[in-house]
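Novice: Next up is a structure, given as structure tokens.
The values are calculated or read from the model by the stated rules, or taken from the named source; none is laboratory data. In this text the structure is predicted, and so the values were computed from the model without any measurement. Positions of Cβ are backbone-derived with ideal geometry, glycine not excepted, and every protein chain shown enters the neighbour counts.
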Amino acid sequence: MAVMYIYRNFIEDKRDLSGPVKKEAVSYGSTSSEEAYNSSAQVSIEQLTEEKTVISYVKQNHKLPDYYITKKEARKQGWDPSKGNLCDVLPGKAIGGDKFGNREGRLPDGNRYFEADVNYHCGGRNADRIIYTENGDVYLTKNHYKSFEKQ
């Protein structure tokens, strides 16, 4: 189960316990033993999309975690970006996996780039994104593509 893999390997011991976190139940047809574990260790979309968690996963696996969904697929399933309803129609999902064109040329040439939301907190999407390659190169932008920091 991808969510539990992410939780156990990238979040569990690295949680910031400084404040309350809104939790959402995420279910992907798990077994009864996994359901028991999930009920006591639900992982919020905020935790799943925390930039360090996603960056570490992409650098290690050269792809996004399974809980990311492209904009096209999310729209097919009822997401309306103007309503900010992703958490309502697709709980436990985040937007990512779409191609990034690098039209401004701020990233190195010669790569195919993809984008993903990070630090997502339900509702409308924020300006925080990662841009990544199939080779595991990752760039972080916190100002909606105006500048990038290689991770």
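Novice: If I filter the stretch 77-100 for residues that are touching a Gly at 6+ places or on another chain (Cβ under 6 Å), under 16 Å from residue 50 (Cα atoms) and part of a strand (DSSP E or B), do I get at least one hit?
Specialist: No, the stretch 77-100 contains no residue that is touching a Gly at 6+ places or on another chain (Cβ under 6 Å), under 16 Å from residue 50 (Cα atoms) and part of a strand (DSSP E or B).
Novice: For the stretch 69-110, what are the residues that are within 25 Å of residue 146 (Cβ to Cβ) and in contact with an Asp or Glu (Cβ under 7 Å, 6 or more places away or on another chain)?
Specialist: 70, 71, 94, 95, 96, 98, 100
Novice: Could you go through the stretch 93-100 and let me know if any residue there is out of contact with any Lys or Arg (no Cβ under 8 Å at 6 or more places or on another chain), at pLDDT 95 or above and acidic (Asp, Glu).
Specialist: So far as the stretch 93-100 goes, no, none of its residues is out of contact with any Lys or Arg (no Cβ under 8 Å at 6 or more places or on another chain), at pLDDT 95 or above and acidic (Asp, Glu).
Novice: Are any residues in the stretch 38-70 in a loop (DSSP other than H, G, I, E, B), β-branched (Val, Ile, Thr), modelled with pLDDT of 95 or more and more than 19 Å from residue 112 (Cα to Cα), and if so, which ones?
Specialist: Pass one, the stretch 38-70, residues in a loop (DSSP other than H, G, I, E, B): 41-44, 49-50, 62-67, 70.
Still in the running and β-branched (Val, Ile, Thr): 43, 49, 70.
When the remaining residues are screened for being modelled with pLDDT of 95 or more, the result is 49, 70.
The one that is in a loop (DSSP other than H, G, I, E, B), β-branched (Val, Ile, Thr), modelled with pLDDT of 95 or more and more than 19 Å from residue 112 (Cα to Cα): 49.
Novice: Do any residues in the stretch 72-83 that are free of Cβ contacts under 8 Å to residues at least 40 places away in the same chain have Cβ atoms under 6 Å from those of residues that are surrounded by 13 or more Cβ atoms within 10 Å (Cβ to Cβ) and of a type in the set (D, E, K, R), where the two are at least six apart or on different chains, and which pairs are they?
Specialist: Final answer for the pair search is none.
Novice: Filter the stretch 134-144 down to the residues that are touching a residue at least 24 places away in the same chain (Cβ under 8 Å) and buried (at least 18 other Cβ atoms within 10 Å of the Cβ), then identify the one that is nearest to residue 44 (Cα to Cα).
Specialist: 140
Novice: Give the number of residues within the stretch 121-133 that are touching a strand residue (DSSP E or B) at 6+ places or on another chain (Cβ under 8 Å) and in a loop (DSSP other than H, G, I, E, B).
Specialist: Counting residues in the stretch 121-133 that are touching a strand residue (DSSP E or B) at 6+ places or on another chain (Cβ under 8 Å) and in a loop (DSSP other than H, G, I, E, B) gives 5.
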